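J.: The structure under discussion is supplied below as structure tokens; questions concerning it will follow.
FYI, it's all coordinate maths here, none of it is from the lab. Computed from a prediction, not measured in an experiment: that's the story for all the values here. No Cβ is skipped: glycine too gets one built from the backbone with ideal geometry, and neighbour counts run over all protein chains shown.
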Amino acid sequence: MVETDSKRPVFRAAAIVLRVLVSGVLIWWCLRQVGLETLRHGLGRVNYTAAAAAIIILLAQLVLNAWRWRLVCAALGHGQPSPRNALRWCGLSLLLSQVLPSTIGGDAYRIGAFSRQAGLLAAARTVVHDRLIGMMALAAVAALTSSIALSVSGFSIAFASMLAFSGAIFLLLAGGAAFGRHVLQRIPYPVARRFGDELRAFRTVYQSPIIFFVSVAVQVLTLVAVVAIHMGSGRQDAETWQFIVVTPGAMLASAMPVSLGGWGVREGAMAFGFRAFDTAPDTPILVSVAYGLMLLVTGLLGSILWSVLRSGRSAHVG
């Protein structure tokens, strides 16, 4: 046990280094495709109205995320954080997810904050299930938009890959919850049965119409924010519908815990998707970087919201 514990910091450090390398290499590749000066000039041309609209949309998305988390808590039979606490915890979590090596940092904060009210195990369950339903909804939207792209523009490696990737994740989550639990509950080990119970609980979560609807609405707001940025960028070499069909797959790729807040992976996936339209990578990379910056600003506003709401009166422990 001591030897295993001593290796954990090494594994964590290696994971962080790997994420830094992935983001660094992909950002370097993107800069080679666009050029730093071209990127800087393009970002400067995004009008303030579009940037403000994107931030407002992302703030609305933050509210939906907080609401969904409370719904997941109720579905799992745990107490809910108050609306105030859910919003401020999700706000700071968003910032931490953007500046730490993975989204796990933001999730860990939510678990720690909510554990003071619900207990560590219950808090961890709610955050993990909330993360999984968000991933499942994103995979569903990505599979749908990739299918539409294939039917409209014809076969392409980019969209076929996105469809296979998103479809596999959706089937893994939905199928695992539906069928994997039966297999695990037959294994005579407490850990396997416990995992089977969690799969059954996740099935309850994703079968809730309101939870799944809110999860899809979160992804739709991402599309609206990206479209707003594109429309405000003044770039004419890509069309709005193309961003709609490419963005979900790119966001799904960036949600994988292999980079720093999705940076580099998101831009690379956007450029990869736009290859199907014979579009130069300049515009998709520019829009993706602008989106990432707007998300960072939203996270900063979320941290301010955390501070403001913390000083106010709360019905629950904060």
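J.: Per 0.36 nm of contour for each residue apart, how much would the distance between S147 and T240 grow if the chain were fully extended, relative to their Cα-Cα spacing?
T.: Here the answer is 31.8 nm.
J.: Identify which of V245, V20, V287 has the largest mean-square fluctuation in a Gaussian network model of the chain, with springs joining Cα atoms closer than 10 Å.
T.: Evaluated over the chain, the most mobile residue of the options is V20.
J.: Separate question: Pull out a ≥ b ≥ c, the square roots of the eigenvalues of the alpha-carbon gyration tensor of the range 77-225, then state rounded if a/c is under 1.5, prolate if not and a/b is larger than b/c, and oblate in the remaining case.
T.: Because a/c hits 1.5 or more and a/b fails to exceed b/c, the range 77-225 counts as oblate.
J.: Next up: Using only alpha carbon pairs under 8 Å that are at least six residues apart, calculate the relative contact order of the chain and give it in whole percent.
T.: For the chain, the relative contact order is 32 percent.
J.: Given the -39500 (n - 2.57) contribution per DSSP H run of 4+ residues, what per-residue ellipticity at 222 nm results for the chain, rounded to the nearest 500 deg cm²/dmol?
T.: -27500 deg cm²/dmol
J.: Let me check the size of the range 72-127 from its C-alpha atoms; what are the radius of gyration and Dmax in Å?
T.: Calculated on Cα positions, Rg and Dmax stand at 10.8, 32 Å.
J.: Going by C-beta contacts inside 10 Å, put T298, T222 in order with the fewest on the left.
T.: T222, T298
J.: With a ≥ b ≥ c the root eigenvalues of the C-alpha gyration tensor of the range 1-144, is it rounded (a/c under 1.5), prolate (a/b larger than b/c) or oblate?
T.: It comes out oblate by the Cα gyration axes.
J.: Please work out the Kirkwood hydrodynamic radius for the range 2-311, using every pair of different C-alpha atoms, and report it in angstroms with one decimal place.
T.: 20.3 Å is the Kirkwood radius here.
J.: Between A74 and R32, what FRET efficiency comes out of the Förster formula 1/(1 + (r/R0)^6) with R0 = 51 Å and r the beta carbon distance, rounded to 0.05?
T.: Here the calculated transfer efficiency is 0.55.
J.: The range 29-45 to the range 56-93: how many Å between their Cα centroids?
T.: What the calculation gives is 36 Å, centre to centre.
J.: Which is farthest toward the positive dipole end of the range 2-311 among A253, A118, A225, measuring Cα position about the Cα centre, with Cβ charges +1 (Lys, Arg) and -1 (Asp, Glu)?
T.: A118
J.: If I require 30 Å or longer along the helix axis, counting alpha carbons, and a Kyte-Doolittle average no lower than 0.5, what helices from the chain are left? Use full DSSP H segments.
T.: 2-34, 48-75, 120-153, 209-233, 282-311
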